[in-house]
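Visitor: Structure incoming, see below.
The values are calculated or read from the model by the stated rules, or taken from the named source; none is laboratory data. Just so it is clear, the structure is predicted and the values come from calculations on it, not from any experiment. Reconstructed Cβ throughout: ideal geometry from the backbone, glycine too, with neighbour counts over all protein chains shown. Side chains included, ligands, DNA and RNA excluded: accessible areas come from the protein's heavy atoms. Shrake-Rupley method; radii C 1.70, N 1.55, O 1.52, S 1.80 Å.
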Amino acid sequence: QVQLVESGGGLVQPGGSLRLSCAASGFSFSRYGMSWYRQAPGKERELVATISSTGDSAVYADPVKGRFTISRDNAKNTVSLQMSSLKPEDTAVYYCTLTSGRRIGMDYWGKGTLVTVSS
């Protein structure tokens, strides 16, 4: 059974930092690129960052470029999102998923983890 468990969210002040983690199981993790998405209240879900299966390359959405870093540890089946210089606009529920999940019939999502950026 595919499982994706996000953690690390919480309340942080503008300008602060948080590190999110996603623990994956039930599939061959190292074969797949992984992505972080987020969804703010009343808004559509948006792609935040994507990392290749090996961790050698990554792509970021414009609003987070230079502030967020995606990484993965294939030995531990985890993917992380290091977030710095946080802004109120970053407030959202953050999810990890397989980048190609929908295309290959592996469109799985965890419960997400809530990040609130507020003073």
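Visitor: Name the residue that is farthest from residue 67 (Cα to Cα), counting only residues in region 42-56 that are open to solvent by 50 Å² or more (accessible area, probe 1.4 Å), in contact with a strand residue (DSSP E or B) (Cβ under 7 Å, 6 or more places away or on another chain) and not aliphatic (A, V, I, L, M).
Guide: The extreme case among them is 45.
Visitor: Hey, among 1, 39, 13, which residue is open to solvent by 60 Å² or more (accessible area, probe 1.4 Å) and at pLDDT below 95? I'd like the intermediate steps shown before the answer.
Guide: On the way: 39 fails: at pLDDT below 95; 13 fails: at pLDDT below 95.
1 is the lone residue from the list that is open to solvent by 60 Å² or more (accessible area, probe 1.4 Å) and at pLDDT below 95.
Visitor: Can you tell me which residue is surrounded by the most Cβ atoms within 10 Å (Cβ to Cβ) among those in region 21-32 that are in contact with a strand residue (DSSP E or B) (Cβ under 6 Å, 6 or more places away or on another chain) and assigned to a loop (DSSP other than H, G, I, E, B)?
Guide: The qualifying residue surrounded by the most Cβ atoms within 10 Å (Cβ to Cβ) is 32.
Visitor: Six or more apart or on different chains, Cβ atoms under 6 Å: show the pairs whose first residue is in region 85-108 and modelled with pLDDT under 95 and whose second is of a type in the set (A, V, I, L, M) and open to solvent by 30 Å² or more (accessible area, probe 1.4 Å).
Guide: 108/2
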